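The values are calculated or read from the model by the stated rules, or taken from the named source; none is laboratory data. Just so it is clear, the structure is predicted and the values come from calculations on it, not from any experiment. Using ideal geometry, Cβ is built from the backbone for each residue, glycine included, and neighbour counts are taken over all protein chains shown. Side chains included, ligands, DNA and RNA excluded: accessible areas come from the protein's heavy atoms. Shrake-Rupley method; radii C 1.70, N 1.55, O 1.52, S 1.80 Å.
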Amino acid sequence: NRRIGFVFQAFNLIPRTEALANVEIPMAYAKVPRRERRERAMAALELVGMADRVHHRPNELSGGQQQRVAVARSLVMSPSLVLADEPTGNLDSESTDEVLAVLDQLNGMGRTIVVITHEDHVVRHARRRVEMRDGVIVADEPVGAGVPA
């Protein structure tokens with residue numbers, strides 16, 4: 001499987017669309033049958049702890065909940081790699097912990113997660129830290145006692 005899932009800092013959810021439909025979007029473009037879309041979207045929302053909020057629109061969700069919906073959307077096409085660009089940049093510390101816990105869980109299930117961040121506490125969740133400056137790798141090292149991410 002060479003699919004890539006994307007998670008963005010700004011969530012990129014469709015405002016007037018319920019969480020379930022937001023998660024179904026990539027599958028609609030891929031022409032996945034409606035019933036299968038529903039099942040896979042529900043499973044992804046359940047995985048990120050949002051099964052009880054499937055009929056809520058983004059403005060009815062906290063920032064952390066919106067980001068977990070965005071993570072669920074990134075997973076429904078079964079990517080082997082998830083690229084997360086500042087996924088906690090717009091979140092408070094509690095929501096950050098929730099989203100990082102989901103990413104840790106996904107990594108534990110065998111998904112490769114690449115997180116782009118400027119936040120040291122987020123880096124501590126990684127197994128490996130690669131630092132770039134002006135397009136050049138200036139550090140590439142395992143992260144001490146970090147949890148898988």
- Task: Counting only heavy atoms of the protein chains, get the accessible area per residue of the chain (1.4 Å probe) and round it to a whole Å² value.
- Result: 57
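Taking all protein chains in place and a 1.4 Å probe, what share, in percent, of the accessible surface of the chain do carbon and sulfur account for? List each step's numbers first, then the result.
Values: 4290 of 8510 Å².
Looking at the chain in its full context, I get 50 percent from C and S.
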- Message: Only four residue types carry charge here, +1 at the Cβ of Lys and Arg and -1 at the Cβ of Asp and Glu. Report the dipole size of region 18-149 about the Cα centre in Debye, rounded to the nearest 20.
- Response: 720
- Query: Using only the Cα atoms, what convex hull volume per residue in Å³ does the chain have?
  - Reply: 119
- Item | By accessible area with a 1.4 Å probe, ligands and nucleic acids excluded, highest first: order of VAL115, VAL143, VAL69 | VAL115, VAL143, VAL69
